[in-house]
Ligand code: FES
Ligand code: FES
């Protein structure tokens, strides 16, 4: 049972919810700024091109067109940016490297004039050979995506391999040579998919006194502030980033995309400039890295995993963005939540002439978890061991250092597995024609972090919380308000949460990795505790007591006598006639750890177990998900309804890449299904017939009240659980996603496929 | 280049408006840009996502597909017109909040308008009718189950005591219409 009153562990109505149901919520594209001009990107319709000449004269002759901004108009050498490698130009220079890479920005009085202007810009270009598959990018004669001079010290600079991440422990070859092992080796592919937030990305910039103001649908306003300050050589204090709540983000809105170009245009024109992308442009701005993985796993006859030998090639796209980190961090826990004595994981980030991939819910884990969990399933089948039993046999228990030198297992993960198995009825007979599958997944939480919060307890006992997190739908505002309400003894609707303005709200590193409840939550909690300490001094003075005889906690002042006073009473008396307020400052810092491959051990793990019951229509290849059970270890659900919504949202999003979503390319590397007509995401008609989400709560997380981060876990295991269910139902194993009706139908026609390199020793 | 405009008349959320519109402008552009009613959202612009859904003479339409001149003389209801003038939320709006049918909220104006139209046609919709009626409205946050529950609550016509919003099983077929909200609640 969960109450609705706003206390910790209750599910009050979403803070900010009313504006979202009345239409009053202002997303970026809804803001009107006086005198704003409109911008449109100019692109060339090929994956890779040499730009010979850009002629904007015809465009400039059109009514309303004010500016055709090209690389030549920008400071030289071309300013570049990027959260990891500084490799992305503000506008394409010399070459375009993916379909959609902008060569110019046209600015005009109206949106239509900007569109007409963009269409009138003449771009002379020559299409060049493009690489858009792993094999193509690694071919001996492959064109180089990146100019080697951008990474002069990198021995791989003359290849399209940007980086290789190796994680290893134990001796894989020695383990593989052991007698009596069943060794299963399989290859899997994971497609390119896009975030498809319903709000397309949007940006605006305007001169602001001596500096610049930037509006963006960004998840990390402070990071954007740093990027723009660097590019414009302005001090941070002269770059003000407004970040209205994004209309969905899912990782796609973490890092700067076209904000720098818009800033340069606005500064040049001395006027506000806005650029609202179309959905098609958004498809060409963000996506998830595709992946080809090979997994070789050895099992003992009783189902213990003796070794994992994993190789994964992620095709990351034309610029690094955050994708190399996605590959490194996503592949690091690829051996799964199991105690495995020997592991070797080699993951490569491969450049290609495709849309730069970026963070996307799950951050590199879903791609590889699909391959590893499916391989475990195949091993269990060969051994004749139950899929739940094989997992429980190998599963890490609390405290186990299942990844040496990393955070030990931090939850009662077994409870989640048992709960999922019970809810799907694993031990009950399956209805005829149905099949069941189960999969586990873990994801490392944040490895570093820095969040500040200011909380102001106002004279009447109401409070304002300042938090630099972006509320993109996950409900951060509500959770922070719940924390402050609980600590300061205020009703929930007396708490306001201010976000999204770098001039007013203190620094937060980022909104990602399911970190905000834990890291910013702890900062908010610390700010409230700072206020409590001041209240304690006040109360002691008022009562003529020693401070040691007063405690302030859980929204109340308690005296040694056992008497309890409402905070408001102490506050009003303490502030006196002038009123005023008490201000608290909270800081949550997770420092980098020298020598750790991820620069820090994760603050927590997200653990999930997903079980699926499916049925296949043999005539059409259509898959019906009858039951979908998702169980996450969340430590403590501060807001159970929001936890459930995040888990269900992740589960359904996972069904997207599992059953229907993928970019389709033509022979030249152009995306053939740009936009909502030909790229399908789950609708109300595609839901599991029964969807059930549960949380395991043992209050054993590092966040406030024992919470852990959550919201990505439920996506990690959808594909392997669904494919295992399909295999269970049909006897057919499919190792390429998505499991579209056509692919399933073809697989059924072909019949069961023998493994590619299996065998017993 | 002076643009030709055509005068049209619309009743928007109960208010009669005369406006001169560009002949090629969609109803969505006129609502958002000329009338500054930005509740209706822009996403795909090809009639696939439903973020721009409004009611025209009671029918739910994708405003991105309708030319404003085609709507001349029509009665248009947008999300801004759902609550009563004194600000009281319509039952469907309250139900979305109560059931948690809102995450980022970007799709929600469209969802609300489709739900409103659905309930007008089927005051007590079955699960299948809800799934079909809402199929044109994408929600990437995927709060579909909560939206269905909200439609169930609004159909039941009462604001239930939500004290027991539990861990939530959504038994598909059984979870229809007026029964929906009550069922999800007593976990
Ligand atoms: S914007 Fe109209 S249906 Fe998508
Ligand atoms: S609530 Fe975010 S898209 Fe529906």
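Summary table below
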read-out	value
Failed criterion for residue A:396 (all others in (1) on the phi > 0 side of the Ramachandran plot; (2) in contact (Cβ under 8 Å) with a residue 40 or more places away in the chain hold)	(1)
Test: residue A:243 is under 24 Å from residue A:508 (Cβ atoms), crowded, with 19+ Cβ neighbours inside 10 Å and within 14 Å of another protein chain (Cβ to nearest Cβ)	yes
Any hit, the stretch A:691-706, residues being over 29 Å from residue A:445 (Cβ atoms), surrounded by 21 or more Cβ atoms within 10 Å (Cβ to Cβ) and facing another protein chain (nearest Cβ under 9 Å)	no
Qualifying residue in the stretch A:672-689 (condition: within 14 Å of another protein chain (Cβ to nearest Cβ), surrounded by fewer than 24 Cβ atoms within 10 Å (Cβ to Cβ) and outside any loop (DSSP other than H, G, I, E, B))	no
Meets criteria (at pLDDT 95 or above, surrounded by fewer than 24 Cβ atoms within 10 Å (Cβ to Cβ), away from ligand 2 (no atom under 16 Å from the Cβ) and closer than 21 Å to residue A:15 by Cβ) for residue B:128	no
Selected residue (only one of A:584, A:621 is part of a loop (DSSP other than H, G, I, E, B), touching a helix residue (DSSP H, G or I) at 6+ places or on another chain (Cβ under 7 Å) and surrounded by 15 or more Cβ atoms within 10 Å (Cβ to Cβ))	A:621
Positions within the stretch A:312-354 being assigned to a strand (DSSP E or B) and closer than 20 Å to residue A:151 by Cα, in sequence order	A:314, A:315, A:316, A:317, A:347, A:348, A:349, A:350, A:351
Residue in the stretch A:137-146 that is surrounded by fewer than 19 Cβ atoms within 10 Å (Cβ to Cβ), within 24 Å of residue A:230 (Cα to Cα) and in contact (Cβ under 8 Å) with a residue 12 or more places away in the chain present	no
All positions within the stretch B:87-125 that are more than 16 Å from ligand 2 (Cβ to nearest atom), part of a helix (DSSP H, G or I) and over 9 Å from the mean Cα position of the chain (by Cα)	B:91, B:94, B:118, B:119, B:120, B:121
Members of the stretch B:8-43 found to be within 16 Å of ligand 1 (Cβ to nearest atom), farther than 15 Å from residue B:65 by Cα and in a helix (DSSP H, G or I), listed by number	B:33
Residues of the stretch B:49-59 satisfying the condition of being more than 16 Å from residue B:133 (Cβ to Cβ) and either buried (at least 21 other Cβ atoms within 10 Å of the Cβ) or within 16 Å of ligand 2 (Cβ to nearest atom) (or both)	B:51, B:52
Answer residue from the stretch B:99-113, given it is more than 7 Å from chain A (Cβ to nearest Cβ) and closer than 26 Å to residue A:4 by Cβ and is modelled with the lowest pLDDT among those	B:101
Residues located in the stretch A:183-214, provided they are assigned to a loop (DSSP other than H, G, I, E, B) and within 16 Å of ligand 2 (Cβ to nearest atom)	A:194, A:195, A:196, A:197, A:198, A:199, A:200, A:201
Restricting the stretch B:74-86 to residues that are out of contact with any strand residue (DSSP E or B) (no Cβ under 6 Å at 6 or more places or on another chain) and in contact (Cβ under 8 Å) with a residue 12 or more places away in the chain, the residue that is farthest from ligand 2 (Cβ to nearest atom)	B:81
Qualifying residue in the stretch A:215-227 (condition: over 30 Å from residue A:340 (Cα atoms), touching a residue at least 60 places away in the same chain (Cβ under 8 Å) and within 16 Å of ligand 2 (Cβ to nearest atom))	yes
Test: residue B:101 is under 23 Å from residue B:15 (Cα atoms) and more than 16 Å from ligand 1 (Cβ to nearest atom)	no
Residue B:38 being under 26 Å from residue A:195 (Cα atoms), facing chain A (nearest Cβ under 8 Å) and away from ligand 2 (no atom under 16 Å from the Cβ)	yes
Matching residues, the stretch A:507-532, being out of contact with any helix residue (DSSP H, G or I) (no Cβ under 9 Å at 6 or more places or on another chain) and over 30 Å from residue A:255 (Cα atoms)	A:530
Selection status of residue B:61, more than 11 Å from chain A (Cβ to nearest Cβ) and within 11 Å of the chain's Cα centre (by Cα)	yes
Members of the stretch B:14-27 that are more than 10 Å from every other protein chain (Cβ to nearest Cβ) and touching a strand residue (DSSP E or B) at 6+ places or on another chain (Cβ under 8 Å)	B:16, B:17, B:18, B:19, B:20, B:21, B:23, B:26, B:27
Any hit, the stretch B:63-84, residues being assigned to a strand (DSSP E or B), buried (at least 24 other Cβ atoms within 10 Å of the Cβ) and within 11 Å of ligand 1 (Cβ to nearest atom)	no
Residue match in the stretch B:156-171 (condition: modelled with pLDDT of 95 or more and either in a helix (DSSP H, G or I) or facing chain A (nearest Cβ under 10 Å) (or both))	no
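Let's see how each residue does on (1) within 14 Å of ligand 1 (Cβ to nearest atom); (2) farther than 17 Å from residue B:78 by Cα; (3) touching a residue at least 24 places away in the same chain (Cβ under 8 Å):
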residue: B:96; (1), (2), (3): no, no, yes
residue: B:109; (1), (2), (3): yes, no, yes
residue: B:121; (1), (2), (3): no, yes, no
residue: B:126; (1), (2), (3): no, yes, yes
residue: B:130; (1), (2), (3): no, yes, yes
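The values are calculated or read from the model by the stated rules, or taken from the named source; none is laboratory data. For clarity, every value in this text was computed on a predicted model and none was experimentally measured. Because the Cβ atoms are built from the backbone with ideal geometry, glycine has one as well, and the counts that use them run over all protein chains shown.
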